[in-house]
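> One structure coming up, written as structure tokens, with questions to follow.
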Amino acid sequence: MTERMYSVEEVADRLGLHVRTVRGYIRDGRLRAVRIGKQYRIARADLEALTGRPASPPAGAVEVSSIVQVDGVGRAEADRLGTLLQAGTNTGDPGRALRLQVVHDEERNRMKIVILGGAAATADALHLLDSVIDSVLGEALGREDAGDA
């Protein structure tokens, strides 16, 4: 049985990239490919190596997406919360891998955390966030109160 091979166009479509970007990845060595005639072909395993996840989810797989908004958070606290969440969720277990993105809005003094992953791993991340958010924000408020005195 032969391994599934993708064209540059198929990879670009799957990843939401422009065809030129995928060709650039191949030229730069970020994406392995074989040249067949005048066209590149990318093996499924090489596509998975680039993305860090399977090309298509296994049947019955569940992925949860959560967006958490926290108001009244300064840049320093947002950085601390993001670091704590990253460290607490990166267990090294590929079956529990999460994708996290933390964004801070200076103008609104607000942070948003986007969590994508399996149901159990996402629930664990939300529990962790719930347990550390009060302590991180409480410390920040304590410093502000001490500065007011």
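> Can you find a residue that is at pLDDT 75 or above, in contact with a His (Cβ under 6 Å, 6 or more places away or on another chain) and open to solvent by 90 Å² or more (accessible area, probe 1.4 Å) anywhere in the stretch 123-133?
no
> Continuing with the same structure: Go through the stretch 17-34 and report how many residues are under 24 Å from the mean Cα position of the chain (by Cα) and within 13 Å of Leu50 (Cβ to Cβ).
Here the count works out to 11.
> Out of curiosity, is Gly92 out of contact with any Cys (no Cβ under 6 Å at 6 or more places or on another chain), surrounded by 13 or more Cβ atoms within 10 Å (Cβ to Cβ) and modelled with pLDDT under 90?
No; evaluated as a whole, the condition is false for this residue.
> Looking for whichever is at pLDDT 85 or above, farther than 25 Å from Lys112 by Cβ and open to solvent by less than 80 Å² (accessible area, probe 1.4 Å) here; the options are Ala33, Ala78. Which one fits?
Only one candidate qualifies: Ala33.
The values are calculated or read from the model by the stated rules, or taken from the named source; none is laboratory data. Just so it is clear, the structure is predicted and the values come from calculations on it, not from any experiment. Counting neighbours? That spans all protein chains shown, and the Cβs are built from the backbone with ideal geometry, glycine included. Please note that ligands, DNA and RNA were not included when accessible areas were found on the heavy atoms of the full protein model with its side chains. Shrake-Rupley method; radii C 1.70, N 1.55, O 1.52, S 1.80 Å.
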